[in-house]
Amino acid sequence: MPVTPDPTQPDLPGPDPDAPIRRVTLEVETHVAAGGWDQAPRLYALVATTDLLASEPELAEQLGVDGGAEGALTPVEQDELPDDTTIEELLEQIAWPPQVVGCAVVLERLMLPPEAEAGMPDDPDAAAAYAAEHPERQEVRIAAAVTRRGEAHCAVRPHVGDGEDVLEGPDLVPGLVELLFQTLAD
């Protein structure tokens with residue numbers, strides 16, 4: 001169930017280059033990218049930077065957080081995620097407290113061209129093997145972030161060449177965005 005945007009908040013246009021949701025999405029993707037490929041998924045709580053500065057000045061100092069732009073979001077990485085569950089299963093079990101204004105996840109996946117998906121088996125294990133062995137598979141890193149205000153942004157970095165080309169937009173990975181929104185539902 002998607003989070004309904006707060007009617008007391010103004011409607012927001014799509015993320016511009018300075019939009020806090022875009023900046024925090026690219027920030028967590030860049031942070032994870034610095035560690036290279038083949039990493040476990042990472043989950044972040046997003047808090048309003050002004051709230052963090054007011055309530056946890058020591059933590060803000062430790063994280064190197066300053067006042068930032070209006071509406072700035074600070075990602076707070078969660079502890080290591082359990083190995084015995086998928087990130088999708090984990091997201092179905094999470095509910096954030098009210099002071100968390102959003103959340104983000106960064107993970108790696110194999111993508112197939114649309115024509116290859118027609119032959120994919122229904123069984124999840126067989127589908128994973130099919131994708132892993134497909135000659136046109138592409139490994140990507142996906143960062144997705146959402147807020148309680150209904151904002152979303154995604155960044156997808158392919159693992160090819162220098163990996164500098166990052167695709168981005170609010171709806172690149174709709175299923176993952178929907179799972180993130182569900183964690184914020186009241």
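Computed quantities for the displayed model
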{"quantity": "Helices (runs of 4 or more DSSP H) wholly inside the stretch 52-147 containing at least 3 residues that are without any contact (Cβ under 8 Å) to a residue 12 or more places away in the chain and in contact with a Lys or Arg (Cβ under 7 Å, 6 or more places away or on another chain)", "calculated": "none"}
{"quantity": "Count of residues meeting criterion [polar (S, T, N, Q) and under 23 Å from T85 (Cα atoms)] in the stretch 33-52", "calculated": "1"}
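Yes or no, residue by residue, for (1) modelled with pLDDT under 80; (2) surrounded by fewer than 18 Cβ atoms within 10 Å (Cβ to Cβ):
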{"residue": "Y44", "(1), (2)": "no, no"}
{"residue": "T50", "(1), (2)": "no, yes"}
{"residue": "L59", "(1), (2)": "yes, yes"}
{"residue": "L110", "(1), (2)": "no, yes"}
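The values are calculated or read from the model by the stated rules, or taken from the named source; none is laboratory data. From a predicted model like this one, the values you see are computed outputs, not experimental measurements. Cβ coordinates were reconstructed from backbone atoms using ideal geometry, including for glycine residues, and neighbour counts include every protein chain displayed.
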